[in-house]
Structure formats: structure tokens, C-alpha cells
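Take a look at the structure below.
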Amino acid sequence: MSTTITFLGAAGTVTGSKYLVETGSRRILVDCGLYQGLKELRERNWDALPVAPHEIDAVVLTHAHIDHSGYLPRLVKGGFKGRAFCTSATADLCRIMLPDAGRLAEEDARDANRGGYSKHAPALPLFTEDDALAALAHLQPAGYERPMPLGGDVTVEFLDAGHLLGSSFVKMRLGGDGGRDILFGGDLGRYDRPVLPDPQRVESADVLLVESTYGDRQHPPDDDGEALAEIVRGTVGRRGRLVIPAFAVGRVEEVVYWLKRLEETRRIPVVPVYVDSPMAVEALRHYASHSRDLDPDMQAKRGQLGAFTTRRFTAVTSPRQSQELQAGTTPAIIISSSGMATGGRVLAHLKAALPSPRNTVLFVGYQAAGTRGRRLIDGAAEVKIHGQYIPVGAQVTAIHSMSAHADADEILRWLRGFRSAPAATYLVHGEPEPQAALRDRIARELDWTVNVPAYKDTVTV
Ligand SMILES: [Zn+2]
């Protein structure tokens, strides 16, 4: 019986990861992600899958990012009865991220109904917080490098991808010993970075799916935190505040790690550091408790939240504490989400900090077109927050070195770990331009044939 893969997401785009594997006897969905970003993509979240959810035997998640896990509540609501296999850290992060996504979807639907700007009347959330909580019961955590039988002569195994706490490549073996391997690359992490380990070397696969987000780009060279140190010193020198909008899971940890390291090596003064995001505070706890999954350098600090705290560190817990912080004017570093300043508690901090030239706003992640973060980076003289126009007097700047995705050189470095070319390689999770550039580069440098699947393409493997 032949096996097919159908690309139901992350085909020619960077979100919505979903690959349906159909063997003679099993239907397995690898990754179960939401589409995010452009409206025409988000609308696909409402489309029915080509198979009914109850006909899918199992889900396997590469990692907890919403574009890889966020469709699970919808799938469960639609009748999926099986288990969703993932690493134990992925399960922990999903337990905070999926309910949060449900809450946001409910808020958006409420706002749309209030503003009357939905074409659906009334607007409904894609899924609710309760749907997300119901989905969590399907999570089946497993360790790295422990092959698990899914029935029908299919086993899966998680290998460390180094992209996010708990992130993995999924190695799927069809046909038992001597069978064929499909390697689902998930998102590929980076080499020689703090906090997370390097992506694990893989030496062989018959079929490979690999991401291509930065297929045409290089990240800036590592500066050992110097750009961040300069920004902190400059802001504190002006007696100002540094506000860092950061994605709550994955990015806050790295920012705190660098601040701690700069403090310990006395490259920045010790100032109060506040993390004002309940989800980020919870994620920090999971990072501390899963220290064995972190970079070997971090493991000496095993089990201590201290690995992710500076000398004068405060995890802001209550809204009242957050308001007091907004009202303060003494030098401080405030890390809060959302990372693109599209919502969340960071908005109140921006409102307070943006008018004064003493302050700095620092972006540490990608700022998508149309977001407030992007407008600020592009030099807006004022931004609208909670219906009010706020003048921008503060310095607005960005650091681009904290990406969690491999750049083109790092993708090639990982591919060079293979002893021979897979029989078929598919580029996923990328926009058309980077994909074309990466496909050409892999052909030129490795002499591999590479395919770029389109949405809903089915291939026989
Ligand atoms: Zn990811």
C-alpha cells in the first residue's frame, strides 16, 4: 500500500503547519497549526479538512508555537478522538498557549460584534478557551529519542530541533525495522546560541520536509550582547526606561538570559527588570524546570528559576502591580507582550513610555506589516493606543539577532549532516522568494533535488 503526504499548511507560507500522512491503515496529522497573518490565510482556519477529524487516528506535534499546535482545539471540537503526541515540554507550553489563544479568539469575536465589522452575525471565535482546555486532555507527552508505535506499523520519534523549549523533528518510520523514514523538520533552530541546544544532527531520511523561513537571508553575526548592552547603558544614562515588547514564549527567556549575563559581567548597571506578562512568567518557570532540554551551559543551573532572573527581578503578577509600574519614572527595564505591540499589557507601558525622549522602546522580534510594532520601527511620529494618539518622543530601535529560526547558512549546515541525499526533499514553512533561493542553493551546493509543494498538494512517498 502506498503512503501519501498532503500539504494542508505551511506550503508556500510560514503558518498553518499541517501534513496529513495516509498509509494503508493509518491517518496521522503531523502538526496541527493555525494560519496567522494575512486575512486570506486566516480564513483557511475555517475551511474543512479533506478528511473528517474523527477519521484521523493520531496527531503528532513538532512544537508548541501556535502555527504548529493552535488548530488542535478546532480539530477536537470537530470530532477528533485520538491522541496528540508531543514532547513533555511541548505539552507544558501548550497548556499555557492554547487556552490563551482561545481567550484571544473570544475577545476578537466580542470586539468584532461590538464594532459591527464582522461579515458573520454574530462573529464567532474559531475556538474558545473551553475548547482549548478540552483539547489539552488529548496531549500525550513522550521523551526525546524514544520511538513510539502508533499502530499500523508506524512509529514516531522526537529529535531535538533547538528552536523552542520542547521543539522537535518528528522521525516517522513506516514498515518497522528496515522500513522507510520520513523526517518532518518542524522549525529548525540555530547553532551556538544560548538557552537552547543546537539542532540535533540527522544523518539519513528517505523523505525530508525542511523549513525555509530565512532561505534567502543571514542573521547578523553574534555580538555577545553588545548591541543590547549599549541600548541599556544609553537609556539608563538618560535616567529613562527601556520597554521591550517580546513574544511571551521563546523570546522573553532569551532577553532575560542576556540581561543577566550582561549584568554578571558588569557590562550594564544593575537596574530593576520587570517581566509583565502572566504567560511569559509561566513559560519562564517551564524553561527552568525543563533544564535538561536546554543548552548544556544552562544545565549547571538546573531547576533554578534563577537561571532566568536578574539581580533585581520582578515577575509582575497582578494588574494593579502593572499599573504601579506604568506610573513609575525611575530607570527600569520592562519586558511585556505582545511582541508586535498588537495587544496585551505592553500597550499600557508603551502609552506611558513613548512620549518621553529619555525612554527607549526595543523590538527583538519580527514585526509584521500592519502591526503597531512595524509602524514604530518605520518611524511613526505618533501611534494610536486604546483610541488615543500617543506622540513618539522615545528612541525606537530593534535587534535582529534573536531569531529562533535557522538562517540559510544554518539550514545548509544542518542538511550537510546527511550522509546521502533523501530520495525526496520538500521545502515547507517559507514564502515563495526564500524558498526559490534556498532550492537553488541546495541544488548548487549539495546537488539535491528539492520540491516546493503547493497548498493541498498530495505526494506519494
Ligand atoms: Zn516555531
Read through the list (1) without any contact (Cβ under 8 Å) to a residue 60 or more places away in the chain; (2) within 14 Å of the ligand (Cβ to nearest atom); (3) open to solvent by 20 Å² or more (accessible area, probe 1.4 Å), then give the number of the only condition that GLY162 fails. (3)
When you scan the stretch 58-77, do you find a residue that is among the basic types (Lys, Arg) and more than 13 Å from LEU126 (Cα to Cα), even just one? no
Could you grab the pairs with beta carbons closer than 6 Å, sequence gap of 6+ or different chains, first residue in the stretch 439-461 and farther than 20 Å from ALA10 by Cα and of a type outside the set (D, E, K, R), second one part of a helix (DSSP H, G or I) and at pLDDT 95 or above? TRP448/ILE442
Given the conditions (1) among the polar types (S, T, N, Q); (2) open to solvent by 20 Å² or more (accessible area, probe 1.4 Å); (3) touching a strand residue (DSSP E or B) at 6+ places or on another chain (Cβ under 7 Å), and given that SER420 satisfies all but one, which numbered condition is not satisfied? (3)
Subset tally (residues that are open to solvent by 20 Å² or more (accessible area, probe 1.4 Å), more than 12 Å from ILE399 (Cβ to Cβ) and not charged (D, E, K, R)) for the stretch 368-377: 3
Residues of the stretch 46-96 satisfying the condition of being in contact with a helix residue (DSSP H, G or I) (Cβ under 7 Å, 6 or more places away or on another chain), open to solvent by less than 10 Å² (accessible area, probe 1.4 Å) and either at pLDDT below 95 or assigned to a loop (DSSP other than H, G, I, E, B) (or both): LEU61, THR62, HIS63, ALA64, GLY70, PHE80
What are the residues in the stretch 393-433 that are closer than 27 Å to THR3 by Cα, touching an Asp or Glu at 6+ places or on another chain (Cβ under 7 Å) and either of a type outside the set (Phe, Trp, Tyr) or in a strand (DSSP E or B) (or both), if any? GLY417, ARG419, PRO422, ALA423, VAL428, HIS429, GLY430
Checking ARG320 against (1) modelled with pLDDT under 95; (2) open to solvent by less than 60 Å² (accessible area, probe 1.4 Å); (3) among the basic types (Lys, Arg), only one condition comes out false. Which one? (2)
Would you be able to tell me the number of residues in the stretch 423-432 that are surrounded by fewer than 22 Cβ atoms within 10 Å (Cβ to Cβ) and under 21 Å from the mean Cα position of the chain (by Cα)? 2
Only one residue in GLY370, GLY430 is touching a Gly at 6+ places or on another chain (Cβ under 6 Å) and not charged (D, E, K, R). Which one? GLY430
Among the residues of the stretch 327-347, which ones are in contact with a helix residue (DSSP H, G or I) (Cβ under 7 Å, 6 or more places away or on another chain) and modelled with pLDDT of 95 or more? PRO331, ILE333, ILE334, ILE335, SER336
Within the stretch 287-298, does at least one residue satisfy the condition of being within 16 Å of the ligand (Cβ to nearest atom) and outside any loop (DSSP other than H, G, I, E, B)? yes
Can you say whether SER25 is of a type in the set (Ser, Thr, Tyr) and open to solvent by 30 Å² or more (accessible area, probe 1.4 Å), as far as the supplied structure shows? yes
Suppose the filter is farther than 22 Å from LEU228 by Cβ, modelled with pLDDT of 95 or more and not in a strand (DSSP E or B); does ILE390 pass it? no
Go through the stretch 167-264 and tell me which strands (runs of 3 or more DSSP E), entirely inside it, have 2 or more residues that are open to solvent by 40 Å² or more (accessible area, probe 1.4 Å) and basic (Lys, Arg). 168-174
With criteria (1) at pLDDT 95 or above; (2) in contact with a Ser or Thr (Cβ under 8 Å, 6 or more places away or on another chain); (3) of a type outside the set (Val, Ile, Thr), MET279 comes up short on (1)
Go through (1) outside any loop (DSSP other than H, G, I, E, B); (2) buried (at least 20 other Cβ atoms within 10 Å of the Cβ) one by one and return the number of the condition LEU126 breaks. (1)
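The values are calculated or read from the model by the stated rules, or taken from the named source; none is laboratory data. What you are looking at is a predicted structure, and each value in this text was computed from that prediction instead of being measured. Using ideal geometry, Cβ is built from the backbone for each residue, glycine included, and neighbour counts are taken over all protein chains shown. Side chains included, ligands, DNA and RNA excluded: accessible areas come from the protein's heavy atoms. Shrake-Rupley method; radii C 1.70, N 1.55, O 1.52, S 1.80 Å.
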